[in-house]
Every structure is written in C-alpha cells, then in structure tokens.
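Working notes, beginning with the structure itself.
The values are calculated or read from the model by the stated rules, or taken from the named source; none is laboratory data. This one's a predicted model, so the numbers in the text were calculated from it and none came from an experiment. All Cβ positions, even for glycine, are placed from backbone atoms using ideal geometry, and neighbour counts span all protein chains on display. The accessibility values were calculated without ligands, DNA or RNA, using every heavy atom of the protein model including side chains. Shrake-Rupley method; radii C 1.70, N 1.55, O 1.52, S 1.80 Å.
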Amino acid sequence: MAAKLKKGDKVVVLAGKDKGRTGTIASVSPKAGKAVVDGINMAVRHTAQSARSQGGRVPKALPIDLSNLAIVDKNGKATRVGFRFEDGKKVRYAKTTGDVIDA
C-alpha cells in the first residue's frame with residue numbers, strides 16, 4: 001500500500017495526550033504502523049555518563065500510531081489523504097481542498 005504519511009509531512013495529533021498539537025514527521029516505520037513526530041509524545045530517558053555525553057535526563061520523542069495522525073492542509077485543518085494520477089504520475093492530495101500534497 002502506498003504511504004499516506006511520509007517523512008517531512010506536517011501533521012496534527014487526533015488522539016492521545018498530545019491531541020490537537022501539530023508537528024513534523026521525523027521518521028516513519030510502515031511495518032509497525034508508527035511515526036516519530038518532533039515534539040510530540042515526549043518521554044524522559046535516563047542515560048548514563050560516558051566519554052561522549054554527560055548523561056542525565058534526556059527528553060525523547062516516542063513513536064505514535066499512524067491512525068492517530070492526520071496531515072494538515074493549507075488552511076491548517078486536519079485532512080485525509082487520497083491518491084490520483086496527474087500527468088501519468090501518482091500523487092497524494094488533500095481530501096478537504098483537493099490540493100496536491102507532493103508535486
């Protein structure tokens with residue numbers, strides 16, 4: 001199946017503790033059905049001191065399920081993603097506005 005959400009997309013969180021917040025996708029794991037979004041679903045990880053790092057409490061973005069994310073259209077609203085062919089190429093488009101997401 002083609003990817004509806006990709007790295008670099010601006011998304012809004014639909015459910016969970018960060019509901020309503022927006023961010024940019026840092027990485028996507030299609031097999032697990034999860035994505036890491038910058039500044040969303042943050043947790044504190046405790047790291048030991050080493051020669052390279054000081055250690056301590058480090059905030060880290062944890063993966064969030066793709067079903068809890070929706071892409072943001074040009075109006076700033078959450079939208080679903082559709083696929084269509086333009087000039088012989090398959091492109092993603094926002095269902096609310098009909099605009100092409102990736103040209």
For the stretch 1-46 (alpha-carbon point model, no solvent) the Debye-based log₁₀ I(q)/I(0) at q = 0.16, 0.20, 0.29 Å⁻¹ works out to -0.45, -0.68, -1.17
Given an 8 Å cut-off on Cα distances and at least 6 residues of separation, report the relative contact order of the stretch 1-77 as a percent.
30 percent
Measure of size requested: the Rg and Dmax of the chain, with Cα atoms as the atom set and Å as the unit; please supply both.
16.6, 55
Roughly speaking, to the nearest percent, how much of the chain's 1.4 Å accessible area is carbon and sulfur?
51 percent
Electrostatic dipole magnitude of the chain [Cβ: Lys, Arg +1; Asp, Glu -1; Cα centre; debye, to 20]:
260 debye
Quickly work out the LEU14-to-ASN75 label distance, labels modelled 7 Å from Cα along the C-beta direction, and quote it in nm with one decimal.
1.8 nm
What distance in nm lies between label points placed 7 Å from Cα along the C-beta direction at THR97 and LYS60?
3.6 nm
